[in-house]
Amino acid sequence: NAGVTQTPKFRILKIGQSMTLQCAQDMNHNYMYWYRQDPGMGLKLIYYSVGAGITDKGEVPNGYNVSRSTTEDFPLRLELAAPSQTSVYFCASSYKGDNSPLHFGNGTRLTVT
Amino acid sequence: GESVGLHLPTLSVQEGDNSIINCAYSNSASDYFIWYKQESGKGPQFIIDIRSNMDKRQGQRVTVLLNKTVKHLSLQIAATQPGDSAVYFCAENGSGGSNYKLTFGKGTLLTVNP
């Protein structure tokens, strides 16, 4: 049982480039989330999904897109990378949509120069 | 201790001592709270959670205390070990009650000296 797996671990992008951060979970969780973590700040929710085919914006969705074609996968897309998107990105999943702890992956450290 | 909104505080303890990490939350409607541990270069790891209908919950070497009157949460780690060195942060579910309404604190850096 691998839990939540994120790839890649590190990535450097030039301004304007695009990329997809991959996230997969093998716990059969319906709920999945993308967060970004900036130095000295709490996690901020980018997007979330309550099940396959359903996604919704979180607190900081601008500049990102997501899709959820299967229960297992929840990729995060950056279309036009900007320096402000330099951050560590965490994917998480949970068994329920409330009162249920989130299980996190080990993150993708992204630098945009 | 930390607050959902303050700069990262630090706590340094000797191996074998007990550690207490504090968290002040702002939303009196929050009814679910979670503690996470984050080691350097890794994702947050769930430690323990507590619902607002409880004042105390115990796990293996950890205890979470909830004081709703003053909106305060604490994590106690017994017999702290070097492997406990990490950033610890709390989360509250806010008025929405849903996981996508979770507010995360910035964390407290715990350093355990051998």
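One table, with the values for the structure above:
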quantity: Filtered residues of the range B:84-96 (kept if assigned to a loop (DSSP other than H, G, I, E, B), at the interface with chain A (Cβ under 9 Å from one of its Cβ atoms) and open to solvent by less than 20 Å² (accessible area, probe 1.4 Å)); calculated: B:93
quantity: Residue match in the range A:80-93 (condition: modelled with pLDDT of 95 or more, open to solvent by 40 Å² or more (accessible area, probe 1.4 Å) and part of a strand (DSSP E or B)); calculated: no
quantity: Residues located in the range A:81-98, provided they are within 14 Å of chain B (Cβ to nearest Cβ), under 18 Å from residue A:7 (Cβ atoms) and not hydroxyl-bearing (Ser, Thr, Tyr); calculated: A:88, A:90, A:91, A:92
quantity: Condition check for residue B:21: of a type in the set (Val, Ile, Thr), more than 14 Å from every other protein chain (Cβ to nearest Cβ) and open to solvent by less than 40 Å² (accessible area, probe 1.4 Å); calculated: yes
quantity: Hey, residue A:59 touching a residue at least 40 places away in the same chain (Cβ under 8 Å) and not aliphatic (A, V, I, L, M) or not; calculated: no
quantity: One residue from B:100, B:32 being open to solvent by 20 Å² or more (accessible area, probe 1.4 Å) and within 12 Å of another protein chain (Cβ to nearest Cβ); calculated: B:100
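The values are calculated or read from the model by the stated rules, or taken from the named source; none is laboratory data. Owing to the predicted nature of the structure, the values given are computational and were not obtained by experimental measurement. Backbone-built Cβ (ideal geometry, glycine too); neighbour counts: all protein chains shown. To get the accessible areas, we keep the full protein, side chains included, count just its heavy atoms, and leave off ligands, DNA and RNA. Shrake-Rupley method; radii C 1.70, N 1.55, O 1.52, S 1.80 Å.
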